[in-house]
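*Asks:* This is the structure I have questions about; it appears just below.
The values are calculated or read from the model by the stated rules, or taken from the named source; none is laboratory data. Bear in mind the structure is a predicted one, so any value in this text is a computation, not a measurement. Positions of Cβ are generated from backbone atoms using ideal geometry, with glycine treated the same way; all protein chains shown enter the neighbour counts. The protein model used for the area step is the full one, side chains on, heavy atoms only, and it has no ligands, DNA or RNA in it. Shrake-Rupley method; radii C 1.70, N 1.55, O 1.52, S 1.80 Å.
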Amino acid sequence: MELRADQFQRQLDTQPLARCYLLAGDEPLQVLEAADALRAAARAQGFDEREVLHAEPGFDWGQLASAGASLSLFAEKRMLEVHLTDKGPGKPGSAAISDYAKNAPDTTLLLIVATPLAASARKSAWYKAIVKAGVAMYAWPLPGSRMAQWVGQRARDNGLTLDRDAVALLAEQTEGNLLAAAQEIDRLALLHPQETIGAAEIEAAASDHTRFGIFDLPAKAMAGDTAGALRTLARLRAEGVDAVPITWALVREIRLLYQAALAARANRLDAMLGRIFMPPARKRQLGGAAGRADPAMLADLLRRAARLDQINKGAAAGRAWDELVTLTLRLSGKPARESAIIANRP
């Protein structure tokens with residue numbers, strides 16, 4: 001079956017575990033939280049062993065069949081995770097996933113975690129095989145009309161009381177970005193336990209905090225504020241923020257700018273911007289940057305970001321913060337050679 005992100009937890013709570021799951025989408029927070037919920041449910045039902053496979057380029061998809069067929073040495077049941085790159089499984093992977101889904105064993109639960117999937121991938125044989133054998137959840141971007149509802153529910157789930165004005169303001173400030181909204185709700189819950197939060201408290205928190213927020217970084221870089229972007233990155237590192245959500249924020253902005261740059265060159269920028277929910281000022285910034293940006297350079301940045309994702313996962317050698325500096329510099333308009341020099345300074 002196919003589910004939206006807001007349907008997944010209920011399905012998990014009320015239905016037996018399926019043999020196969022695919023969790024993918026445009027909202028990394030919802031994908032991560034769905035995966036965490038599934039892992040917890042699996043552990044509670046005796047899937048005590050977990051094996052993770054990263055389907056990098058050149059990955060031997062025979063490992064999937066072997067892992068599904070082999071018996072666990074330590075547990076009667078186990079969970080098998082396959083993490084796909086943004087390129088998807090490819091032809092060998094498609095065949096391997098389809099075959100596995102048709103013959104999924106009772107003692108192994110398969111979880112496939114993916115980045116946003118193209119429309120063609122959601123029509124592919126491997127996707128349909130997962131839908132038939134188990135559950136496919138896709139986390140679509142949240143419409144602006146539902147952002148306030150999501151913020152209010154998230155706050156209540158975290159024991160935080162927001163009045164109507166506070167909900168509306170926080171929804172507007174986070175601009176449809178669930179990860180940013182969730183982080184701010186967590187912070188407010190710690191700062192204001194058992195209090196009712198109004199718009200004044202949201203504004204006060206924003207004046208000090210959002211200047212150094214994760215999603216302030218790509219906005220400064222895209223605006224060409226190199227010094228400001230680097231200061232923000234340094235502050236995030238000093239505060240102990242993990243490199244993973246910063247990577248997501250940069251990748252999201254680079255991918256959006258790449259799509260806008262392609263649309264600009266095809267004289268379809270206005271139509272593309274018209275389909276995006278974001279404040280008018282952000283649309284103007286994106287449109288201006290798209291007219292200046294080189295799609296080839298942005299495509300290269302997405303490839304670098306994919307490698308950074310592997311570094312974050314421990315699947316590739318490298319220093320994540322150096323890569324973040326390079327991505328920030330390149331997005332802000334610094335040429336490749338100068339970016340490399342600055343990124344490698346001690």
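*Asks:* Identify, please: which residue in the stretch 39-66 is of a type outside the set (G, A, S) and part of a helix (DSSP H, G or I) and is, among those, most open to solvent (accessible area, probe 1.4 Å)?
*Replies:* Of the stretch 39-66, the ones of a type outside the set (G, A, S) are 39, 43, 45, 47-54, 56-57, 59-61, 63-64.
Keeping just the survivors that are part of a helix (DSSP H, G or I) gives 39, 43, 63-64.
Numbers: R39: 36, R43: 142, Q63: 79, L64: 2 Å².
Looking at residues that are of a type outside the set (G, A, S) and part of a helix (DSSP H, G or I), I get R43.
Residues are listed down the side, and each one gets a yes or a no for (1) within 28 Å of V244 (Cβ to Cβ); (2) within 17 Å of the chain's Cα centre (by Cα):
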site	(1), (2)
E2	yes, no
P28	yes, yes
A40	yes, no
R43	yes, no
E49	yes, no
D60	yes, no
S94	yes, no
K102	no, no
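*Asks:* Does the stretch 85-113 hold any residues that are closer than 28 Å to R252 by Cβ and either open to solvent by 10 Å² or more (accessible area, probe 1.4 Å) or hydroxyl-bearing (S, T, Y) (or both), and which are they? Break it down stepwise before answering.
*Replies:* So in the stretch 85-113, the residues closer than 28 Å to R252 by Cβ come out as 85-90, 93-94, 97, 110-113.
Scanning the stretch 85-113 gives T85, D86, K87, G88, P89, G90, S94, V113.
*Asks:* So which pairs qualify, if the first residue must be in the stretch 16-44 and free of Cβ contacts under 8 Å to residues at least 12 places away in the same chain, the second must be crowded, with 20+ Cβ neighbours inside 10 Å and assigned to a helix (DSSP H, G or I), the Cβ gap must be under 6 Å, and the two must be at least 6 apart or on different chains?
*Replies:* none
*Asks:* Of the residues that sit in the stretch 120-147 and are of a type in the set (A, V, I, L, M) and more than 17 Å from A5 (Cβ to Cβ), which one is surrounded by the fewest Cβ atoms within 10 Å (Cβ to Cβ)? Let's see the steps before the verdict.
*Replies:* The first filter runs over the stretch 120-147 and keeps only residues of a type in the set (A, V, I, L, M), leaving 121, 125, 129-131, 133, 135-137, 139, 142, 147.
Okay, now just the ones that are also more than 17 Å from A5 (Cβ to Cβ), so 121, 125, 129, 133.
Numbers: A121: 16, A125: 11, A129: 22, A133: 20.
This residue is A125.
*Asks:* Still on this structure, please answer the following. Out of everything in the stretch 4-26 that is open to solvent by 30 Å² or more (accessible area, probe 1.4 Å) and under 21 Å from W140 (Cβ atoms), what residue ends up being farthest from the chain's Cα centre (by Cα)?
*Replies:* Initial filter on the stretch 4-26 (open to solvent by 30 Å² or more (accessible area, probe 1.4 Å)): 4, 6-7, 9-10, 13-17, 19, 26.
Then keep just the ones that are under 21 Å from W140 (Cβ atoms); that gives 4, 6-7, 9-10, 26.
Values: R4: 16, D6: 16, Q7: 18, Q9: 18, R10: 22, D26: 6 Å.
If we take residues in the stretch 4-26 being open to solvent by 30 Å² or more (accessible area, probe 1.4 Å) and under 21 Å from W140 (Cβ atoms), then R10 is farthest from the chain's Cα centre (by Cα).
*Asks:* Considering A229, A204, A182, A223, which residue is modelled with pLDDT of 75 or more, open to solvent by 20 Å² or more (accessible area, probe 1.4 Å), of a type in the set (G, A, S) and out of contact with any strand residue (DSSP E or B) (no Cβ under 8 Å at 6 or more places or on another chain)?
*Replies:* Values: A229 fails: open to solvent by 20 Å² or more (accessible area, probe 1.4 Å); A204 fails: modelled with pLDDT of 75 or more; A182 fails: open to solvent by 20 Å² or more (accessible area, probe 1.4 Å).
Residue meeting the stated conditions: A223.
*Asks:* Here are R252, R282, R275: which of them is open to solvent by 60 Å² or more (accessible area, probe 1.4 Å) and at pLDDT below 80? Show your work before the answer.
*Replies:* On the way: R252 fails: at pLDDT below 80; R282 fails: open to solvent by 60 Å² or more (accessible area, probe 1.4 Å).
Sole residue among the options that is open to solvent by 60 Å² or more (accessible area, probe 1.4 Å) and at pLDDT below 80: R275.
*Asks:* Which count do you get for residues in the stretch 1-38 that are in a strand (DSSP E or B) and among the small types (G, A, S)? Before you say what the answer is, go through the steps one by one.
*Replies:* The initial filter retains those residues of the stretch 1-38 that are in a strand (DSSP E or B), namely 2-4, 20-25.
After this cut, where a residue has to be among the small types (G, A, S) as well, the list is 24-25.
Result for the stretch 1-38: 2.
*Asks:* So, one more: Within the stretch 241-248, can one find any residue that is at pLDDT below 85, within 22 Å of the chain's Cα centre (by Cα) and open to solvent by 60 Å² or more (accessible area, probe 1.4 Å)?
*Replies:* yes
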